[in-house]
């Protein structure tokens, strides 16, 4: 089967079929659990059943006596190596294995290394842990109550569960705008704790070569280079002796950004035993202990004129960060990019405040394709706009159309400081409405209402800020968010591009090949993309926050153009012309005015490696490298329309249609872009209708399996209807913006808006996610529930 | 993925052999049929039998037979086989309706009817469907067989009357012409356990002046704490009542009143109670649409009848 | 205990514990890592293989239960180096992204087409409703199976349209 079609008319851009499919279709992918190493042992983690307790004692004798157990590691073991605690991505610390206390159900307490995975699991039951239960904090809204149990007594000076306060925008201007407004609408809303739940759980194989001292870790990591640096800092190993390999990864979605205790335990395991150690978590471990998403308790306020001009927005947020602040976002932004909650509208003013608190739950918060909390911000603004429309008696599409930023306003600096790069928002909304047949939908809705049937139409218009980011503003743990790219052209004219970002299904092996092929007149098949192995690739901050195309993609363009410029000089030498007399056309450097005199990259490559005399100061070969520091984020956007049918007798919601118009700038591979959108739309259906990680008052996690943490299947998802507009990014070398998270960010609120729209005649004004049948019905009875707590 | 604890294993070659193995290995032995109830429990280590007795080779327990007066379902019949059975659907559309929404298509390929009933989950769909049909359970032991009405089969959550040395071998349902039946379930996604579900079976007497009356009714409920997976008071009320929306509404009230649902993450108790009523009513309506009055001729409705 | 099963046409005899799950036997004992696992509760379907020509969740079947039976995994879909039309459909229609759910999806799709050669989109969705995908939103999976159905019927693989 050929992996790629002929280059599309627009150079190598187009719906090129994916090169990576060849191995996945045959079941020949290499995921972490597929890896077998000689003498490999298996690790398993003993986890706390309690949400908050003192660890009185840990008795490992029986486990050590198991004939197939090779080692048992406890917090005490790690303390001796100064590894019991590790830094988090938010400059907090997190326990690798508990020493003093356990602080969330599922927290890591001990690590067993055994000869096979079944014995490792058996040995967990042989470890005796004595706990002294402590009172539990599960409800973030109670975490700052006077007298609330202090979770982080390990932190010097920590007297309560407060982590941070953060604010953005102009408070005075916002207050003034609200004071002058005709209409103010307010609403409390919860974006409940959710979890990205990639289909492959997290894991690692750690192997320390005792002779060379080289540590190799195959791991499910979206950021292999950052992990390498972190391992060096945490474990005190020289960084050049560490190799991190992200093999094939079965979905990341932000869940595979942090360094997890299990990885470090596997590393310690290989150090202790001298053999490779594999640790791969169960699904319950994944759901109960790895990076969750959202858990934002939000209060929104919107101010407008009577005739529907939105003036200002205000938001107050309580952010539940769990027991350790492990949120992964650029270090200057403890609430991520939430302050882009100003949305897609021309506002006079906006102000937001976010307070972060600890609770006895797993750490995390920034995950699940949120673009660093933009999912939360979009949810808030788009719910508020719908609530305003209802208050004013205006159609929600009409209200949006009146207030959307106009193309001539770009670049636009929003009231909280983001500089949106480009956009034609009204055009995207109009296209979505045309594709949906919006007026017909409203007519149908009216007819059905007369018959006692409840259908709803919900909109979402979102602006994303992705591609973090300019290094002066954006770093994670001090590592600036710039990405490297290396490009080598071999003498016979094929290419190898080494990139720092890491695919988890986004198709980089194809799209990045297309980028280089497009710049150099090659076929995508002629370009091999190397990624994921820190020994073979340049440094970069990894793949999340939709940053691959905006940052690494830009790096690939820049390095390809560097190669092209080097080729120009060589071509000039070959053609005995001056470099400035050559022009690049149709994949060749050719003499301007004499196109017969031209050379392809392949021809130039051979010459560049030959004995051809080159001008003084010009190095041979064509290889180049670059580090791309983006000047700004990019701002993809979209207009979504969701159509639902609701059965008020049961509360059941069916998503009938979902129309999604996305503008992510130039599209390298439209087929892959659409696939990204499809996947994110399913996320929206799931979050809106069924997903929540809830806890009872004892801190027991109620979402620890796929029987309780529900994910959408093929049956809940409609056939997605996509449209596009293309507004190039003015600062990206090929005008691309990135799209990986757009649909996940934009879709949940469209579904919620649709359900509320459907049930408005029955008096429903708002209901929190997930809109399960029970939650919808309870909201209709005027008895909404906190879906994140036990009933 | 989580994995089971150590366990011994025997493969049965006949029902008699299975019973002998049960006797030999005692109360900590468990029958292993499709395993799709037992093995998940073993992986989570909520069930830790000492010995598994694999009966998957007992093809003599896998059948769907219609005799002169009964539908007989072998306990080892896979869910997929019951779902695909046109004969079963023709007589009892409720079974087709229920199987359509039990678990998912792949699980249905291997999970068995008997296994699900013996697992006795308080949310088991088949428990309600067979309760509505007032089925009879056939249990084999070393001395022979005994029969138990399905409503006496379950004694509590995850508990049945099947003793340590016994095997459920067959489920029987009496054939009665003219009946209509249907199943209604609310779940949170495809394949979910029910938040609430109800199944009804109706037989009608052709009407005198004002339309048909209900000759007999069976109402099964699951996931809502209904005693014996049934709504007996509602059934008693319907017997002899006119087959009207008013009767159904009253039956729904009675069904709801007889339940003791528990609040959990699937839903609060008042919602489940509401579902007990709402789904009883809806399943009765659809059962009615599929029924033919006694003396009216023709078989009970096939699953694709409107209603 | 000793078990013998035929996997992708090849007979294997091994000494195993009774509790060994079929998915682990295939992956760890036989090295057939094309089938995956992704949950603890038989929900995700990453582990779907054929057991006696029927798709099953191999995480919920003991290897011992497959003794004397035939198992077919994704590694057997391609024959003589030639991809199965289902595999071709997934390639043509971008039916996979990370590839983790894909083997299970394809095994069920192959079974579906063997028994229902011309399934409507709703039937395909229903058939796959016990298997999760986190990347594709399912739309292209459905199109991939439709492509395979149409191309098997026509006996051709030249038309690229999805």
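Since every read-out is calculated from the coordinates, none of them should be taken as a lab result. Owing to the predicted nature of the structure, the values given are computational and were not obtained by experimental measurement. Every residue, glycine among them, receives a Cβ derived from its backbone with ideal geometry; neighbour counts consider all protein chains shown.
Among A:290, B:77, A:549, a tally of other beta-carbon atoms within 10 Å of each Cβ gives an order, fewest to most, of B:77, A:290, A:549. For chain B, the C-alpha radius of gyration sits at 1.00 times the compact-globule guess of 2.2 N^0.38 Å, with N the residue count.
Residues within the reach of a label modelled at residue B:145 (point 7 angstrom out along Cα to beta-carbon, backbone nitrogen below 11 Å), restricted to segment B:52-76, are B:61, B:72-75.
Based on every Cα atom in chain C, Rg and the maximum pairwise Cα distance Dmax equal 15.8, 51 Å. Relative to the dominant Cα principal axis of chain B, helix B:245-257 is inclined by about 40°. Take each residue of peptide B:101-114, count the partner chain Cβ atoms within 10 Å of its Cβ, and average: the result is 6. When peptides B:83-92, C:81-90, C:136-145, B:108-117 are sorted by average Cβ neighbour count within 10 Å, with the highest value leading, the order is C:136-145, B:108-117, C:81-90, B:83-92.
Available extension along the chain between residue B:159 and residue B:86 is 23.1 nm, counting 0.36 nm per residue and deducting the alpha carbon span.
Please report how far the C-alpha centroid of segment C:1-42 lies from that of segment A:647-683, rounded to the nearest whole angstrom. So the separation of the two Cα centres works out to 37 Å. Most simply put, segment A:585-729 has about 80% antiparallel DSSP beta bridges, counting only bridges with both residues inside it. Adding -39500 (n - 2.57) for every DSSP H run of four residues or longer, then dividing by how many residues chain A holds, sets the calculated 222 nm ellipticity at -8000 deg cm²/dmol.
Label sites at residue A:239 and residue A:448, each approximated as a point 7 angstrom past Cα along Cα to Cβ, lie 5.6 nm apart. A simple spin-label model places the labels of residue B:262 and residue A:93 4.2 nm from each other, with each point 7 Å out along Cα-to-Cβ. Using the Cβ-Cβ distance between residue A:578 and residue A:413 with R0 set to 60 Å, the FRET efficiency from 1/(1 + (r/R0)^6) comes to roughly 0.85. Placing a label point 7 Å from the Cα of residue C:78 along the Cα-to-Cβ direction, the residues of segment A:15-56 whose backbone N falls under 14 Å of that point are A:19-30. Among the residues of C:16-22, the average count of other protein chain beta-carbon atoms within 10 Å of the residue beta-carbon is 6. Take each peptide in C:120-130, C:5-15, A:234-244, count the other Cβ atoms within 10 Å of every residue, and average; sorted highest first, the result is C:120-130, A:234-244, C:5-15.
For chain A, a/c is not less than 1.5, where a ≥ b ≥ c are the root eigenvalues of the C-alpha gyration tensor, and a/b does not top b/c. That puts it in the oblate class. Peptide packing: for A:354-360, B:9-15, the average count of neighbouring Cβ atoms within 10 Å per residue gives the ranking A:354-360, B:9-15, highest mean first. Residue by residue along C:113-125, Cβ atoms of other protein chains within 10 Å of the local Cβ number 1 on average. Calculated FRET efficiency, residue C:120 to residue A:183, Cβ-Cβ distance, R0 = 56 Å: about 0.70 to the nearest 0.05.
Shape summary of segment B:179-290, radius of gyration then Dmax from alpha carbon positions: 13.7, 48 Å.
The calculated FRET efficiency for residue A:616 paired with residue A:585, based on their beta-carbon distance and R0 = 22 Å, is about 0.20.
Report for segment A:443-557 the percent antiparallel among DSSP-assigned beta bridges with both residues inside it, nearest 5. Restricted to segment A:443-557, the bridges split so that about 65 percent are antiparallel. Taking the longest Cα principal axis of chain B as reference, the axis of helix B:269-290 is set at about 70 degrees. May I ask what percent, to the nearest 5, of DSSP beta bridges between residues of chain B are antiparallel? Bridges in chain B that DSSP calls antiparallel: roughly 80 percent.
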